[in-house]
Amino acid sequence: MNTTSIFRAIPWPATLQFSILGFVLLPLIIISAVGVGYFVSVSSQIEEDRLKEELSLLARAVRLPIGQSLEQAEIDDVQSALDSVFEIGRVYGASIYNVYGDRIASAGIAERNLVNTRVVAETVETGEMQERFREVDGLDVFSQFLPVVDTGGRINGLVQITRRSSDFDAAIQQLQITAWTIWFVLVGVMTIIVVLGHYGSVGRYVRNLLQTMAQVERGVRSRRAIPAGPRELANISDGLNRMLDGIERAKAQVSSHQETEKQLNERLRDQEKMAAIGRVARGVAHELGAPLSVINGRTRRLRNLVGSDVDGDRQLNAIQQQVQRLNRIVRQLLEYCRPDAAKLGPVDLAEIAEDAVAALAPELPGRQADTKPVFEISVETDPLPTLTGDPARLELALVNLLRNSAQAGAKQVSIRIQANYTSLSLVVEDDGAGLREPAEKLQEPFFTTKLPGEGTGLGLAIVDNVASEHDASLKINDTGAGCRVEIEFPFKHIESEQETAHDGD
């Protein structure tokens, strides 16, 4: 098992707070407990040595006067010295023995004699203080034996100072209780400091992050974390916010792509449908052309046979009008269908405009002079860039626009040709009835606002097709006093006269 597996196998605490308590505070507690134990051990020994030293000082304080009193055989003075030691309160008993161990005087609890005991022999032989834990009258005591000398320096006895063993135990126990109490208080203080410090420095910011993530999970996509706290947590908040912003941007992009794809699919379906309709329309138009020509020819022959028959002539006129209407519909169907190959070449829009006005003139013979629209052609840019396109298709588009203006009751129709730095525009503006429906609706094939028999609904659809063939944009607006139509050709389909001349060179 490698190190990673070992760490994974350890049951780590569930929260960051418990992790800090387990990995930071617990080692401190263990180390401090070991330190307190060592301190108690050393202090206990020091306390025991201190208590023994107190007895030693007392013994040394009285041994000189006691030695002199023994040398002079003044037992009362010896007893008085012992009584003064016993009155201190920390001494359990005091006794004076001769060099053989016979007790001469005592105060408090004392042994009767120490004859033939090893402690007496060692004290007399070495002349040094001896210490013993002993049992006196059923009690555990600690005794110090100090030799007593006369004025000549000879040992003439020894003094025993006794203290209860429980005094040592009580002092050491009190020391231990005090030390461990302080340790427990410090552990509690450290725990409080760690908990509060964790909450103040880390916990509250982590909680805010968790609350933010929980709200985002519940669907509050606009919620963002507040970058606060330590730098690492602030960076995490910033990273979370950037991630959420990225997700929202990606979601918006996906939605946009889906919407674009949906629109493209719809346009593709429309184009496929219109292509199918176009193929059918071309087939129908070709099939209807010959029968209509036959009907028109037979009508003219019947007119010669009828002669002066008014009713017959009226019926033949009606038939011929319907045939002309069918011919017009067939022609527009063929015009709507895009040719197989465009015949591109240099185009002068001014000439196209003049040809379109001339082509439309035969359609307006029955109108009064004061009701016919006046067509004005103006070129507002000189020199005018040359357009590369299909002249026949462009003339067809312009004829349909002028026809719509005439049918809308326009009296004044202006045809303006203008150029700027990016495009060349053909603008047709009239003072007719204006738009009755949205421009997008009017561009749909077979949609018309005219009365039955007056239109096929293909005029603006043909204009839109021609504009698409030349990568131009078609803009239709209601001016409030008529209609304005603009076909804007981009520069990539325009060749300036200077470039044309240069190519000719």
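Points to keep in mind about this one:
- Sorted on the mean count of surrounding Cβ atoms within 10 Å across their residues, most packed first, peptides 393-402, 19-28 read 393-402, 19-28.
- At a probe radius of 1.4 angstrom, the accessible area of segment 13-156 per residue rounds to 56 square angstrom.
- Taking all protein chains into account, the per residue accessible area for segment 157-240 stands at 59 Å² (1.4 Å probe).
The values are calculated or read from the model by the stated rules, or taken from the named source; none is laboratory data. Bear in mind that the values here come from a model prediction, so they are computed numbers and not experimental data. Here Cβ is always computed from backbone atoms with ideal geometry, including for glycine, and neighbour counts include all displayed protein chains. Surface areas here come from the heavy atoms of the whole protein model, side chains and all, with no ligands, DNA or RNA. Shrake-Rupley method; radii C 1.70, N 1.55, O 1.52, S 1.80 Å.
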